[in-house]
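Everything on this sheet refers to the single structure shown next.
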Amino acid sequence: MTGYLITAFIYLCAAVIAVPVAKRLGLGSVLGYLCAGVIIGPVLGLVGQEAARLQHLGEFGVVMMLFLVGLELEPRMLWQMRHRLLGLGGLQVGGTALAVAAIGLLLGLAWQVALCVGLIFSLSSTAIVLQTFSEKGLSRTPGGRTAFSVLLFQDIAVIPMLALLPLLALPELGASAPSAAGHGGEGHEALNLVAHLQGWQHAAVVLASVTVVVLAGHYLGRPLFRIVADTGLRELFTATSLALVIGVAALMSLVGLSPALGTFLAGVVLANSEFRHELESNIEPFKGLLLGLFFITVGAGIQFGVLAEHRWLIIGLTAGIMLLKGAVLWGLAALFGVRGTDGWLLTLSLAQAGEFGFVLLSYSAQNQVLPADLAQLLSLVVALSMFLTPVLFIVFDRLVVPRYQRRGGEREADTIDEHGPVIIAGIGRFGQIVNRMLTANDIRTVVLDREIGQVDNMRKIRIKSFYGDATRPALLHTAGIDDATLFVVAIDEAEQAVELVRYLKHAHPHLRVLARARDRLHLYHLRDAGADYIVAETYHSALNMGSAVLRELGVHPFKAEQLRAAFEQIEQNSIDQLYGAWQQRGEGERVGTNYLQLFFELDGIIRQAMLRDRDDRHPRSARGWTPPPRNYEEVIELPDID
Amino acid sequence: MTNHNLLVLFAHPSIDRSDVNAQLLQASRAAPGVTVVDLYGEYPTYQIDIDREQRRLLDHDVIIFMFPLYWYSTPSILKEWQDLVLEYGFAYGSQGSALHGKIFLCAISAGGSEQAYRREGYNHYTIRQLLQPLEQMAALCGMRYLPPFALFGSRTAAENGLLEAHVAKWQRTLQALREGRLDVRRAQALPRLDEHLDKLVGAAP
C-alpha cells in the first residue's frame, strides 16, 4: 500500500511541477507530461517497473477521449464540415500514409510493416494542436478550422485503424510474441467471449453488441440519467457516467472489438441528449488525468540507450517525416484553396506525429505487426516530432505572420469574426423569451438548466437545452464559456445568481454578463457582483400595465406613453444615488434608513415632475413639442445673421 | 485663433445597409475636433434627452445634420430632434439666443441623380430649394446657413468609384470648418457646398 502511495505521489508531483513550467515556456501541457516522465524515469530513475503496466491504464484515457470526441460530434456539425472533413482529412491521412509506406518499402520494410508505419505517422497531435490554437487564439481563423477538421478526421480514422492493424500481423513475429508484446496483451485475450466461435457467429455477436450500445444509449441511457439527475446527487451522476464508459469499453473488449470504437459510438448516440455537457464535465477530468498519465509513462519509457545509439537515424527520420507531412499538407492547402497564412498554419501545425501514434505503436507491437525494437525506435521519432511542434509555431509567429501582414494589411475589413455562443443559464419563463428572440435571429445559444423537468419541457417544444448546474465551473467550461461572447443569468435562485455573476466576472473578466433581478434589492446585489446589465423582471411589464391603466382612464395613448417614459427616466436618473445609499447600509440592515429616506424622496420627485408646471406652465412630462406662447411673434426679431 | 468645435448629428435608421453614410460617419468620427452623435443609436425609442442635446449645442460652434434624404426631408428622428430640442426660449424667441452665430449645414446623400434635382428634372426643385425648411429653421435660430454638402446617385456611387473622392472632400470640409478657413459669406450664395470647395477654402484668416 505504502509503495503505491509513494508511486502515485511521485507521478502526481512530476506532473504538477513539469506541466506549469512547460506551459509557461509556451510548450503546452503534453510536452510537460512527457518531460515529467523523462525526468522521473530515465533521468532520476524514480520509477521504472510499473511504468509499462500504468501505460495500459493511461490508454484508457484515449478511450475516454474518443467518448468525448463522439459527444462533440453532433450530426449537424459533421454535415456542415463534410467536404473539408472527408476531402481534406481523407486525402491527408491517405496521402501521408501511402507516401510514408512507399518510403518504408524503399528502405526494405515488409509491406505490412510499411503500411502500419505509414498509418501511424499520418496522424497528428490533436492534444498539442488544439491546445496551442486556443492559447494563441487561432481556433477561429480559416486555417485553424481547416486544421481542426483534419484532426477530427484523424481521430475518427483511428477507429478503423485499430480494427485494421491486427490483420497486418506478421506470422514470423508471432513466435516470439510473448516476450516482445509486453504485459497487457494477453490479459485481454483471456477474457474473450468470441474466441471459440465460428466466423458467422462471431460476426453476429459483434453486430448484436454494436446494436445494443446504440439502442441502449438511445432508449435506456436518457431515462437512466434522468432518474439519476432527479436524485440531485452529483457523485451519483459521475458514477453513472463512468459506469457507462467503462461498461461499453468492457463489452467491446469481450466481443473482441476496440473499446475506443464502442465508447465513440456511445458518445455520438448521446451527443444530442440534454446530458451532453454534464457528461462531458464529469468525464473530462478523468480523461485529462489518464491521458496525462499516459504521456508520463511514454516519457518514462523512453530509452536513452536507444536514443544515443541511433541518434542520427532518429533525428534524420524525424526531420524526414515532418518534411514529408508538411509537403503533403502544403499541397492539399493549395488544392483546397487555403492560402496565405492559413495555408502555412495548416502546414506547420500538423507536421508532427500525434499521441495516438504511441497508442498505435504499442498496440501494433502487441499484435505482432511491428517488431518491438522498431516500435521503440519509432516512438522516439513520434516524441521528438511532438517536442519540435512548439518550434514550428514560433516559426509561424515570427516568420510567416509578419510577411503576410506587410503584404496585405487591408484585408481585415472583409473578414467577419464569427461570434461565440450566448450562454443562457436558466430557461424558466424569463430565459425562454430571451432565448427565443436570439435563436429567431440566428444567434447561437447554449441553454443550461438544473431542473431536469424543465429541460424536458423545453425539449418538447423544440428548445434545445442541456441539463446541468450552471454555477459549476466544469460545466460552464464544457458549455463553451471560453469562447462565449455573452452570458445571460436567468436562474431562479437569487443568491446563486449573485454568486454566479461574481464568479463569472472574476474568472472571465472580459465576458459581458447580463443578469435578471427578482427585485430592487437583488438588483443592487447583482450590480455589486459586477453584472454589466441588469433588468428587474417585473419592472417593465408593470410599467406597461401602468400606462394601460392610464389609457383605460381616457388618457390619450401617446400622452400615456410619454408619462410612462418620464416615470422611467426619473427612476433611471436616481438609480446610482439609490445604489450608493444602499451600499452605505449598516451591518445587518437590509436597506438602511438613508436608503428608505431617498426612496420616499424619489416618489415625491416623480409626483412633482408629473404634476408641477414648469416656468413655461407645462408639466415636466409634456416637455417636448412645446408650442411657443401666444402672441410670441410680437417679440420675435430675426437675429442679424452676419 | 482657436479651433471651432463641430457637432455632427447623424441620422440613418438602417446603417447596416448604408454604403455612403457609413463611410462619411467613419470619416467624421476620425476627424479631430468633431463630436459625432448617432441619433438612432442613442435614442432607439425616440426618447430624446432634451437637456443633453441642448448642452451639446451650446458646446459646439458648427452644427451639422448628416442624413440620407427621405422624401425630400430628414429621417423622422431628426425632425423629432428639432421638435423637442429647439425650444422656445432656448433656440428662438426673445430670450432664445443660444444658437446665435453658429454655423449650420446639412451633409446629405440622395438616391436620384443630380439632373433630377433641377427645374426641368423629375424632382422639379434643386436640393437647396427642397431643404428650405431647414434653411429657415437656421434663420429663425440666428444660425449662419451653409448650402448642403450633397452626394447624388448614392446607390451607385461606390461602384462608380465616386465615393472615395466624396469622402476625401468631406474630410477637407470638416478640417476647413474646424480651422475657420471656409469662406462662409461666399459659400452662402452657392447652391451647393461640395461643388466649389477649392474656391471656398483659403489660408487661415
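Derivation of every value follows stated rules applied to the coordinates shown; laboratory data play no part. Here the structure is a predicted model, which is why all the values come from computation and not from measurement. Heads up, the Cβs are rebuilt from the backbone with ideal geometry, glycines too, and the neighbour counts pull from every protein chain shown.
So who's got an amide H within less than 5 Å of the one on B:TYR145, skipping anything under 5 residues away but keeping other chains? H placed 1.01 Å off N, in plane.
For B:TYR145, whose amide H was placed from the backbone, the distant partners under 5 Å are B:PHE104.
Could you go through the stretch A:545-561 in sequence order and give the Karplus-derived ³J(HN,Hα) for each residue, using 6.51 cos²θ - 1.76 cosθ + 1.60 with θ = phi - 60°, rounded to whole Hz, and x for Gly and Pro?
Karplus-based 3J(HN,Hα) across the stretch A:545-561 equals 4, x, 6, 5, 4, 4, 5, 4, 7, x, 6, 4, x, 5, 5, 4, 5 Hz.
Provide the per-residue ³J(HN,Hα) series for the stretch A:294-306, in order, calculated from phi with Karplus coefficients 6.51, -1.76, 1.60 and θ = phi - 60°, each as a whole number of Hz, with x at glycine and proline positions.
After applying 6.51 cos²θ - 1.76 cosθ + 1.60, I find 4, 5, 4, 5, 5, x, 5, x, 5, 9, 5, x, 4 Hz.
From other protein chains only, count the Cβ atoms within 10 Å of every residue's Cβ in B:86-95, then give the mean.
Whole-number average of other-chain Cβ neighbours for B:86-95 is 4.
Under 29 Å Cα-Cα from B:LYS199, which lysines qualify once same-chain neighbours fewer than 8 residues away are excluded?
Cα-Cα hits under 29 Å: B:LYS102, B:LYS169.
For the stretch A:300-351 and the stretch B:48-82, what is the centre-to-centre distance using only Cα atoms, to the nearest Å?
Cα centroid of the stretch A:300-351 versus Cα centroid of the stretch B:48-82: 63 Å apart.
Quick one: order B:SER109, A:SER273 by neighbouring beta-carbon count within 10 Å, fewest to most.
Details: B:SER109 24, A:SER273 21.
If I rank by nearby Cβ atoms, fewest first, I get A:SER273, B:SER109.
Would you list A:TRP200, A:TRP582 from fewest to most Cβ contacts within 10 Å?
Placing the least packed residue first, the sequence is A:TRP200, A:TRP582.
Averaged across the residues of A:624-632, what count of C-beta atoms belonging to other chains lies within 10 Å of each residue's C-beta?
4
Can you give the longest stretch of chain A with no exposed loop site, where a site means GluC sites (Glu not before Pro) in a DSSP loop (not H, G, I, E or B) with at most 14 other C-beta atoms within 10 Å?
Result, exposed sites excluded: A:1-417.
Largest first and to the nearest Å, give the Cα extent of the stretch A:417-537 along each principal axis.
For the stretch A:417-537, the Cα spread along each principal axis is 36, 33, 27 Å.
Taking the radius of gyration and the Kirkwood hydrodynamic radius from Cα positions alone, what is the Rg/Rh ratio for the stretch A:206-321, to two decimal places?
1.17
Going by amide H atoms built from the backbone, whose H comes under 5 Å of the H on A:ILE534, apart from near neighbours?
HN-HN under 5 Å from A:ILE534: A:ALA515.
How many Å³ per residue does the convex hull of the Cα positions in the stretch B:6-200 occupy? Intermediate values should be presented prior to the final figure.
Details: hull volume 22.6 nm³, N = 195.
Taking the convex hull of the Cα positions in the stretch B:6-200, it is 116 Å³ per residue.
Kindly work out what percent of the DSSP beta bridges joining two residues of chain A are antiparallel, to the nearest 5.
Taking every DSSP beta bridge within chain A, about 5 percent pair in antiparallel fashion.
Name the long-range amide H neighbours of A:VAL446: under 5 Å, sequence gap of 5 or more, or other chain; modelled H, no Pro or chain starts.
A:VAL422, A:ILE423, A:ILE424
From the backbone phi of the stretch B:47-56, what are the Karplus-calculated ³J(HN,Hα) couplings (6.51 cos²θ - 1.76 cosθ + 1.60, θ = phi - 60°) in whole Hz, Gly and Pro given as x?
Result, ordered by residue: 8, 6, 7, 4, 4, 4, 5, 5, 4, 4 Hz.
Give, in whole angstrom and from largest to smallest, the semi-axes √(5λ) of the equivalent ellipsoid of the stretch A:331-480, with λ running over the eigenvalues of the Cα gyration tensor. List each step's numbers first, then the result.
Values: eigenvalues 358, 167, 35 Å².
For the stretch A:331-480, the ellipsoid semi-axes come out as 42, 29, 13 Å.
Along its principal axes, what span do the Cα atoms of the stretch A:27-158 show, with the longest given first and each in whole Å?
Between the extreme Cα coordinates on each principal axis of the stretch A:27-158 lie 49, 41, 26 Å.
Debye sum, Cα scatterers, the protein assembly as shown, no solvent: what log₁₀ I/I(0) at q = 0.08 1/Å?
The computed values of log10 I(q)/I(0) come out as -0.91.
So if I average 1/r over every pair of distinct C-alpha atoms in the stretch A:502-554 and take the inverse, what Kirkwood radius in Å does that give?
That comes to 12.6 Å for the stretch A:502-554.
Check each of the trypsin sites (Lys or Arg not before Pro) in the stretch B:81-136 and keep only those in coil by DSSP with at most 13 other C-beta atoms within 10 angstrom; list them in order.
Sparse-neighbourhood loop trypsin sites (Lys or Arg not before Pro): B:ARG119.
Starting from the coordinates of the alpha-carbon atoms of the stretch A:262-348, obtain the Kirkwood hydrodynamic radius over all distinct pairs and give the value in Å to one decimal. Mind dumping the intermediate values first?
On the way: mean 1/r = 0.0578 Å⁻¹.
Answer for the stretch A:262-348: a Kirkwood hydrodynamic radius of 17.3 Å.
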